[in-house]
Amino acid sequence: MRLPTAVAALLCSVSPLAAQEFTGGELGFEYNQSFDDSDVDGTSYFAGAEMAINREFSFGVDLADIDGADVSTQATFHGIYHLSDAASVGAFYSYKDEDAATYGIEGGIEIWGGDVSGYVGRISVDDESAFIIGFDSSNPIADSNFSLFSDFDLVSDDEVAITTNEIGVEYNIPQGADIYALYGQASAFADGGSGSTDYFGVGARIRFGAERGTTFEAR
């Protein structure tokens, strides 16, 4: 399923709700290229929407259409409780196919002009389960349309641990899209040794709605 089909499915999923309950959404893509041949190469398309039930509760849906070594569509569902205008917590469930699912809790806060969020949970693939945790942050550069961001993710079981670290810079076009570039490293650690792959990425996203985007992203 390519991005236009994913967007249509996303809009259909929220259309039964009243229009005034829609709070925000986003559309975008990201292209990654490793410095050697690896599974991180490819283009990822994504779309998201969030609907408010009332001032405290909302739910969100994210779709990611990944075109790389593996082509599949992943859907993430969020149930969100807003502690305040600046802080939110929630639970998520992500479904890729009948043999792969991710679930857990998440939270985020706006602080010092930027934002920090994180999650913790489990991933199940082919009857195997692993622990997952991740953090990300975005901080604006004063008196500019630029911001710096970072992202860390860990997947770990009894035999192997896999981490992904990313840092990057994003530019907000006034009244337009956000464009960004990043540098990342994917690493694997096991009793038999370790290895890593470095890569770079570029992407763009359009955030829209009253809240300019969604509270949480795909997991």
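Set side by side, the residues Asp115, Asp151, Asp158, Asp126 differ, and just one is of a type in the set (Asp, Glu) and touching a Phe, Trp or Tyr at 6+ places or on another chain (Cβ under 8 Å), which is Asp151.
Close contacts from region 61-83, counting a first residue that is closer than 17 Å to Gly25 by Cβ and a second that is aromatic (Phe, Trp, Tyr) and at pLDDT below 70, with Cβ to Cβ under 8 Å and a gap of 6+ residues or different chains, come to none at all. Taking the conditions exactly as written (without any contact (Cβ under 8 Å) to a residue 24 or more places away in the chain and aliphatic (A, V, I, L, M)), does Val120 satisfy them or not? Considered against the rule, which asks whether it is without any contact (Cβ under 8 Å) to a residue 24 or more places away in the chain and aliphatic (A, V, I, L, M), Val120 comes out as yes. With respect to the conditions (1) over 24 Å from Ile167 (Cα atoms); (2) in contact (Cβ under 8 Å) with a residue 24 or more places away in the chain, Ser147 falls short on a single one, namely (1).
Here Glu21 passes the criteria (1) at pLDDT 70 or above; (2) buried (at least 18 other Cβ atoms within 10 Å of the Cβ) except the one numbered (2).
Of all residues in region 141-155, those satisfying the criterion of being over 17 Å from the mean Cα position of the chain (by Cα) and modelled with pLDDT of 95 or more are Phe146, Ser147.
On the given criteria, is Ala186 touching a residue at least 40 places away in the same chain (Cβ under 8 Å), touching an Asp or Glu at 6+ places or on another chain (Cβ under 9 Å) and within 16 Å of Asn32 (Cα to Cα)? In short, yes. Of all residues being out of contact with any Gly (no Cβ under 6 Å at 6 or more places or on another chain) and assigned to a loop (DSSP other than H, G, I, E, B) in region 180-209, which is modelled with the highest pLDDT? Just the residue, please. Residue satisfying both the conditions and the ranking: Asp191.
The values are calculated or read from the model by the stated rules, or taken from the named source; none is laboratory data. Here the structure is a predicted model, which means the values were calculated and not measured. Note: ideal-geometry Cβ built from the backbone for every residue, glycine included; neighbour counts use all protein chains shown.
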